[in-house]
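J.: The structure's right below; bear with me while I get my questions together.
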Amino acid sequence: MGEEEVRERPGPRVVLDTSVFISATLFGGGPGRLVTLWQQDQITLLLSSEVLKEYLRVLSYPRFQLTGEEIKFLVEVEVMPFSEPVKTRTRLRIIDEDFSDNKFLELVVDGKADVVVSGDKRLLDLASYEGIEIISVTEFLKRID
């Protein structure tokens, strides 16, 4: 598959904040259903290099006790084959309290997302950006069902 050749994926185009991604990939439960949804092409998981770097940084926290090989497997086997890469060019300063949260909104814009699924209070307090809803995992799963 060439770099410009991205297969069309059905379902809503979704951006996951880091807390939701970590919960989904490591802890299962409600958020764990998201993994099944993206792997079965029921949702399209959008990823930018900035968001992926954030996911990798947090996965390497000592409290998760993951080896480099486990992180590599998780990302290369469970995530990347089922996600759509997005090159972000937009730069935003919407969330001043934590500038790092802006990378998710940049991905929303450049990835033409349908929804952001978040557990982050700052993002959830926005409720939407550019008409794109920012909702909790619980709310998202209710809508998918």
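Read the figures in this text as sums done on the coordinates, not as results from a lab. All values reported here derive from a predicted model rather than from experimental measurement. Every residue, glycine among them, receives a Cβ derived from its backbone with ideal geometry; neighbour counts consider all protein chains shown.
J.: Among 51, 35, which comes first, then next, by fewest other beta-carbon atoms within 10 Å?
T.: 35, 51
J.: Can you tally the net charge around residue 77? Count Lys and Arg as +1, Asp and Glu as -1, for every other residue whose Cβ sits under 14 Å from the Cβ of residue 77.
T.: -3
J.: Check region 69-124 and count each lysine pair with an alpha-carbon distance under 19 angstrom, considering only pairs eight or more places apart or from different chains. Don't skip to the answer; put the middle values down first.
T.: On the way: 87/103; 87/112; 103/112; 103/121.
The result is 4.
J.: Quick one: work out the % antiparallel among DSSP beta bridges in region 13-144, nearest 5.
T.: Percent antiparallel among DSSP bridges in region 13-144 is about 15.
J.: Stick to Cα atoms and the Kirkwood definition of Rh, then tell me Rg/Rh for region 33-95. If you can, show how the numbers build up before the last one.
T.: Values: Rg = 13.2 Å, Rh = 13.1 Å.
My calculation of the ratio gives 1.01.
J.: Run the numbers on region 13-144 and let me know its relative contact order in percent, using alpha-carbon pairs under 8 Å that are six or more apart.
T.: Numbers: 186 pairs, mean separation 39.8, N = 132.
Across region 13-144, relative contact order equals 30 percent.
J.: Convert each backbone phi in region 74-82 into a coupling constant with the Karplus relation 6.51 cos²θ - 1.76 cosθ + 1.60 (shift: θ = phi - 60°), then list the ³J(HN,Hα) values in order as whole Hz, x for Gly and Pro.
T.: Result, ordered by residue: 3, 6, 6, 9, 8, 10, 4, x, 10 Hz.
J.: Also, quick follow-up: Please report the base-10 log of the normalised intensity I(q)/I(0) for the chain, using a Debye sum with one equal scatterer per alpha carbon and no solvent, at each q in 0.08, 0.10, 0.17 (1/Å).
T.: -0.20, -0.31, -0.96
J.: Output ³J(HN,Hα) for region 132-141: one whole-Hz value per residue in order, computed from phi by the Karplus curve 6.51 cos²θ - 1.76 cosθ + 1.60 with θ = phi - 60°, and x for Gly and Pro.
T.: Taking θ as phi minus 60°, the curve returns 9, 5, 10, 10, 6, 4, 4, 5, 4, 5 Hz for region 132-141.
J.: For residue 90, what is the net charge nearby, where nearby means another residue's Cβ is under 15 Å from its Cβ and Lys, Arg count +1, Asp, Glu -1?
T.: +1
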